[in-house]
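Read through the structure below, which is laid out as structure tokens, and then see the notes.
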Amino acid sequence: MIGSKDKLIIQKINEERKQAHSTRQNLYKLLEKEIGVPVISFFTSFVYPVGIENSDVGMLQEALRKSDLSKGFALFLSSPGGDALAAERIINVCRAYSGTKKYQVIVAGMAKSAATLICLGASEIIMSETSELGPVDPQIVIKEGNSVKRFSIYKLVESYKELFEAAVTTQGRVEPYLQQLANYDEREITHFQSILELTKDITIKVLKDGMLKDDEEDKIEEKIKIFLTPERAKIHERPIYAREVKSCGLKVRVEDLRSKFWSTVYELYVRLNNYVSHNDIAKCIESKDYSFIAKI
């Protein structure tokens, strides 16, 4: 049974959430007036150790189901990334609900890794000169104390391969290499390699079905090398800006940072990014009428 004190706490939380969403509602209305289609936000925290995952698909689908998408919609996206299979499912849901009108993605801040993959599955990416995408190679997220660390699976696999090659070809003592290789689990490395291949396959497939439908798969792979591995970006965290996205042949709309439209976009971004960074709220999927959250 919930005591009266607990009821008051719950009521207060609900009222605070309602008030926060009410403030954002006006921004959604302004954006929709400018862009001509409904705006659905999908934000996951950069502070808490969370990512895009299968459970998000249901929340997003509920928000889409409750909206009038007869003209398509724009997905307002901010996330450090997550599961590539979940991203593929989200792309499928977005395409299914938007139908022939398709969906756009708005990136005001950062949409990295699996979030970049969701962008690549859209019909158009709306960015500014400071908006950031990134390589889609998967990451491992580890929480150590109060900090969150993300490690590139691609780099882990490459470091294992380099050590193994050095152990096989060395003319000297092999023991130092064997000691370092003992820190790796070969089964994990094999699994990681499969994940990398899966991510590449999904990325090429969604582009072949979307923005690069007129290109052959090998040509698509060549065009988007900057996204597939951190080799050209050097590290996973390095931003891929709008001009580089356009150079890959992708459909990008670059908005003026000083425009009234982008001012509204950025205000909503700041409010939502702050919302999923405090009070243990880790995710928010919402429209102007509905708001769904996941707590840490």
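Using the structure shown, select from LYS66/LYS149; LYS219/LYS246; LYS246/LYS295 the pairs with a Cα to Cα distance greater than 27 angstrom.
LYS66/LYS149; LYS246/LYS295
Would you grab the residues whose amide H sits under 5 Å from the one on SER128? Only those 5+ places off in sequence or on another chain, please, with H modelled 1.01 Å from N.
Under 5 Å from the amide H of SER128 lie the amide H atoms of GLU255, each far enough along the sequence or on another chain.
Taking N as the number of residues in region 17-148, what is its alpha-carbon radius of gyration divided by 2.2 N^0.38 Å?
Computed over Cα atoms of region 17-148, the ratio equals 1.05.
Around ALA282, which amide H atoms from residues at least 5 apart in sequence, or from another chain, sit under 5 Å from its own amide H, with H modelled in the peptide plane?
Long-range HN contacts for ALA282: ALA294, LYS295, ILE296.
Given points 7 Å out from each Cα along the Cα-Cβ axis, report the LYS213 to ASN183 separation in nanometres with one decimal.
Distance between label points: 4.8 nm.
Go ahead and run the numbers for FRET between ASP280 and THR169, Cβ-Cβ distance against an R0 of 51 Å, rounding to 0.05.
Approximately 0.50, to the nearest 0.05.
Antiparallel DSSP bridges in the chain: what percent, to the nearest 5?
Expressed as a percentage, antiparallel bridges in the chain total about 45.
List the residues whose amide H sits under 5 Å from the amide H of ASP137, counting only those 5 or more places along or on another chain, with H placed 1.01 Å from N in the peptide plane.
none
Estimate the FRET efficiency between GLU158 and VAL270 by the formula 1/(1 + (r/R0)^6), using the beta-carbon distance for r and 51 Å for R0, to the nearest 0.05.
Efficiency, rounded to the nearest 0.05: 0.90.
Any chance you could check the Cα centroid distance between region 266-285 and region 52-101 for me, in angstrom?
Taking the Cα centre of each part, region 266-285 and region 52-101 sit 18 Å apart.
Based on DSSP H assignment, which helices of the chain show an axial Cα extent of at least 20 Å together with a mean Kyte-Doolittle hydropathy greater than or equal to -1.0?
Going by DSSP H runs, the hits are 84-98, 153-169, 186-208, 260-275.
FYI, it's all coordinate maths here, none of it is from the lab. Note that the structure is predicted; figures quoted are calculated from it, not measured. All Cβ positions, glycine included, derive from the backbone under ideal geometry; neighbour counts span all protein chains shown.
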